[in-house]
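We did not get these values from a lab; they are worked out from the coordinates using the rules stated. In this text, all values refer to a predicted model and were calculated from it rather than measured experimentally. Cβ sites come from the backbone with ideal geometry, for glycine too, and all protein chains shown count toward neighbours.
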C-alpha cells in the first residue's frame, strides 16, 4: 500500500494505524502472557487481527473500498476470544463453572456467523441481523444478570469487579457499533464506504485495544498482589 | 489474494478464515506449550497448516480451484502429528510403551502417503484408497480396541479418559470426511470444486482446532491439579 | 527498495538504517524484557516503528518523498508508549499513582492526534500546532514541575534520578525537533523534503534508541542491585 | 510457487513438503531447546534449511530445475551443525574433549566446501569429489573407530549408546546418497533433473528430520531420568 | 534472487550463504541468550546483518553489483555491537567501569560513520579514511594497551583471558580487511566488484560468526562452572 495513500486519506491512514496497533498489541499481550495465562486469548486475537488488517489495508489501498464481509473472518475468531475473556477474568477471582466458558463461546460464534451469512447474502439480511442480535443480547444478559454477573457481584475482589464492570461497559457501548453499522448498511439506506470503514476501524481499536488494556491492568494488579516487585526489576 | 474475492465467495472466505485461524492457533499452542510439552506437536501442526493455507488461499484466489493433491503436503505432516497426540495424552496419565508412538506415527504416515499417491495418479486411485483406509482403520482399532484403548480404560484418570473419548470421537467422525471426499472425487462421479474445498476447510477446522482445544483443556486441568493458581496470576 | 538507491542518497540510507535499527531494537528490548517488565512498552514501540519504517523506506525509494503525515501512524502509537515510560521508571523506585499513567497517556495521544489533524488539513494547521504544543508543554510541566517531577526528586534512588533526568533532557531537546519541523513545514515557508526527512529520521533515532538505552541501563542497574551476577553467566 | 505446480508434479510437491517440514521442525527444535541445549544446533539447522527450501521451491516452480550447486549454501551450514551434534550427544553422557568438536566441525566444513567447488567447476569435479570423500570418511572413522566411537562405547549409558548407534547408521547410509548423486551428476553420465532433486529432497528429509528426532528422543529420555513428570504437565 | 544466479556465480552464492548464516546465527544467539545476557548484542547484530544481507543479495542478483556504501547501514549498527562485546566479556570476570562501554561504543560509531561519509563522497575519501583509521586504532589500543587490556590481564580467569585474546586477534586481523578494501576502492586504483564483494562477505562471516562463537564458548564455560549439567539435560 506504500505509494498509493493520499496525505488526506484518513481512512487509509486508519487502516495503516490499525495494522501497526494490532501488530504491536499482539507482541505486547503475547509477551506479557508469560506471567498471566488470561492474556493468551488477547494476544492471539490481536495477532489474528493484525494479519487481517494487513489484508484489509491492501484491499483499501488497491480498490478504495473494503466490503464489510471481509471483516468477518477476523470477527469470527476474535469476538469469541474476547467473549471468553470474561470467563477468564472471573476465573481469576472466584470459582467459575466451565459451562459458562462454552455458553460465551457458542453465543459469540453464533453472533458473528449469523452476521456474516446475512451480510454476504446467504440468508436474508433481516434474519442474520435478528439471530446476531439475539446472540449479542444473550451475552449482555449473561454478564449483567446471568451467572457471570452474579459471580462477579459475589467475588469480593474490588479491583477485579471494577475491571469486569469496565469490560462490560465497553461490550455494551463499543460492541453496539457493529449492529448499528450492519443495520444501516444492509437494512437501512446504505452507507458511505469511507464513513463505515473509519467507524469500524475505530470500533475495533476501542473494543480490542481498550478492552485488552483493562484486562491487562487487572492481571498486573493481581500479579503485584502476589508479591512481585516493581516493573523495572522484573517478573 | 487481497483484491480478488467477491463478497459472496464463501469458499475464498473460508480459505482466508483458515489462514487466520491456523496462524492464531500456532501462536496459541506454541505459547501454551511453555507449560505443557504435549502441546508442542499441536503447535507445530498448526504452524505447518497455517503456511500451507497461505499457499492454498493464494491458489484459490488466483485460479478459483485448489486440486486436492495440494493439501497432501500439509496432511502428510499434520495427520501424524495429531495421531501421536493420542500417545502423549495417554502418556500424561499412565505408563505407555514407546512402540505405540511408532505404530501411530507409521500408520498415519502410510495413510496420507497412500492417499497422495492415489489422488495424484502415481498408483491406481483404488489401491491408494484401500491402503489409506487400512491405515485409518488400524488407528481407530488401536485407540478403541488396541493397546491405546486398553491403557486409557485402565488409567483411572477420569478427566483424561473423557478427553481421550472426545478425541477419538473426533477422529472417528471428523477424519471420516477425508475418505468420503476422496471416494467421491477419485472413485465416484467427481465433485464440485467449491463444495469439496469448503468441506475440506471445515473438516480441517474441526479436526485440528477442536481436537487441539480438547487436548489443551485436559492439559490445563492437569496443570491446575498440580497446584497452579488462577489463569490471571500466571503459570 | 533494493535497486533504487544511489550511493550518495543519504536520506534513503537513513531510512534503511532506521529500518535495521528499529528491527534490532525491537528484538533487543523484547528479549531484555524477560527480566524487566518496564522494557515491554519500549520493545512494542520499536516493533511498531520498525514496521512503519519498512513502509516509509519503500515510499521514499519509490517516490523520492515521504509526506510527514505518513509518520503519524507511528507517532500516534510510539509517543504515548515513550511517555508512559516515565511513569514506569518512577514506579520502579517509588509509589506512583496510576492517574499519572493516564495523564501522560492522554496528553501524548492528544499531542500526536492534533499534529496529525493539522498536518493532514482536517483542522487548521495553526490550531493543530497549538493543541499539540499544549500537550507537549503539559508533559514537560509534569516531568519537571508536576507530580512526576516531585516523585522523582523525593525517590531517594540516585541512579534512577540520574536516568530520569537524562530521559527528560532527551524529551526536552529531542522532542522539540518535531514542533520545529511542523512549524517550518506547515506554518513557515515550507521545507526541503530531503532535509526534513533526514532530520526526522535522526530525531527518531535519538528519541527512541537513546531514550530506550537509558531506560534499559537503569533497569540493568536495578537488576544487578537485586543480586544477579555477571552478564555472561545469565539472567 | 502457488499457481504453477501440476497435480502430478511430485518433485514440486516434495519441495513444498520440505519447506513445510523444515519450518515446522525449526519451530519444534527451537521450542524444545528450552529444556535441552543440545537441540539448538538442530533448530538452527532446520531454520537455515527452511529458508533455503523456500528459495529452492521457488526456483523449481519458476524454471523446472534446481542445479545442485544451489543446495550447497544450505549444506555448508547444516552438515557441520549435524556433525557437531555427535559431540553434543556424547557430551551428555561422558566427558568429551573440545578438540573432538573442532575435528568434526572442520572435517564437515571441508567436505561441503570441496563438494561445492567441484560441482560449480572452480576445481576439477574429480578433485572436489575426492577431498569431500576424504572428509566424509574421516567423520565416519571418527564416530566408529576414533575417539568419538571409543567414548560412546565406554560411556555406560545404554540409551545414549543406542541413539548414537542409530545416528551413525543414518550418517553412514543417508549421507552416502550425496556422494552417489555427485558421482552420477558430475563424474558419471549425468542425471535426470527430476530424479536427482526428488532423491536429494528425500535424503534431506531423512538425514535432517529422522536424525533430529533420534537426538530429541535421547534428550527427552535424559530429561525424564532427571525426574521431570509427564509431557502433559510441563517441563 | 531465486532464478537469476548462475551455477558458477560464487559471489551470489556467498551473498545467499551469508543471508542463511546470519539468519541462523540470529536465532542461535537470541535463543542462547536466555542463559547468557552477554549474547544479546550478538543476537541483535546477527539479526540486523541478516536483514541487511537479504537486501544486499537482492541488489546483487538484480544488478550484478553491490556498492560498498550499502554495507554501511549494517556496519554502523553491528560494529558498535561487536565492540561493546569486549566490555561485556570483561564484565563477566572482573569489575569494569561503565566509561569503557561508552568509549568503545563512541569510537566504533565514529569509525563506521567516517567510513560511510568518505565512501559516499560527503567528505573527502582521504579524510574519511583517516578518521575511521583513528577510531580503529583507538579500539585496538584500548583492548591491547589501555584499560580493557589491563583489566583482562589482571582478571585471573584463564579461560576468559584466552577468549579475550582470540577476540582481539580477530579484531586485529579480520577488521583490517575493511580499511584495506576501502583504501583500494576509494584511494587506490579501484577494485573488481566481484572480488571486493566476495572479500567483504567472507570478512563479515569471519568477524561476526567466528567472533560470536568464541564469545558463546566462554559464556558456555562460565555457565558450566556455575554448576549447570550436560547440554542434553537442559539449561
> Anyone know which of C:167, C:184, C:18 comes out most mobile in the 10 Å Cα GNM of chain C?
Replying inline: C:184
>> Taking the beta-carbon count within 10 Å as an exposure proxy, list A:102, C:75 from fewest neighbours to most.
In response: A:102, C:75
>> I need the shape label for the protein assembly as shown. Rule: rounded when a/c is under 1.5, else prolate if a/b > b/c, else oblate, with a, b, c from the alpha carbon gyration tensor.
In response: rounded
>> Using a 10 Å cut-off around each Cβ of peptide A:210-219, what is the average number of partner chain Cβ atoms that fall inside?
In response: 1
> In what sequence do B:209, D:111, B:187 fall when counting other Cβ within 10 Å, fewest first?
Replying inline: B:187, B:209, D:111
> Measuring from a point 7 Å past the Cα of residue B:65 along Cα-to-C-beta, which residues in the stretch B:184-220 have an amide N at less than 18 Å?
Replying inline: B:184-201
> For the residue pair residue A:102 and residue D:173, what label-to-label distance in nm results when each label sits 7 Å from Cα along the Cα-to-beta-carbon direction?
Replying inline: 4.8 nm
>> Given R₀ = 56 Å, what would the calculated FRET efficiency be for residue B:109 paired with residue E:187, taking r from the Cβ atoms and rounding to 0.05?
In response: 0.35
> Between E:42, E:105, E:51, which gets the highest mean-square fluctuation from a Gaussian network model of chain E, Cα cutoff 10 Å?
Replying inline: E:51
> What is the order of E:196, D:170, B:173, C:143, fewest Cβ neighbours within 10 Å to most?
Replying inline: B:173, D:170, E:196, C:143
>> Give the average, rounded to an integer, of partner chain Cβ atoms located within 10 angstrom of each Cβ in E:13-23.
In response: 5
> Relative to the longest principal axis of chain A, what angle (0 to 90°, nearest 10) does the C-alpha long axis of helix A:193-204 take?
Replying inline: 10 degrees
> To the nearest 500 deg cm²/dmol, what mean residue ellipticity at 222 nm is calculated for chain A from DSSP H runs of n ≥ 4 alone, each contributing -39,500 (n - 2.57), summed and divided by the residues?
Replying inline: -24000 deg cm²/dmol
> Most fluctuating residue of A:129, A:29, A:101 in a GNM of chain A with Cα springs under 10 Å: which is it?
Replying inline: A:101
> Hey, quick one: spin label on residue A:158, modelled 7 Å out along Cα-Cβ, who in the stretch C:76-117 has an amide N within reach, i.e. under 12 Å?
Replying inline: none
> Based on the alpha-carbon gyration tensor of chain E and its eigenvalue square roots a ≥ b ≥ c, which shape applies: rounded if a/c is under 1.5, prolate if not and a/b is larger than b/c, or oblate?
Replying inline: oblate
> For the stretch D:59-143, what does the alpha-carbon gyration tensor say about shape, rounded, prolate or oblate, given a ≥ b ≥ c as the root eigenvalues, a/c under 1.5 as rounded, and a/b over b/c as prolate?
Replying inline: oblate
> What FRET efficiency comes out for the pair residue E:134/residue D:150, r = Cβ-Cβ distance, R0 = 45 Å, nearest 0.05?
Replying inline: 0.25
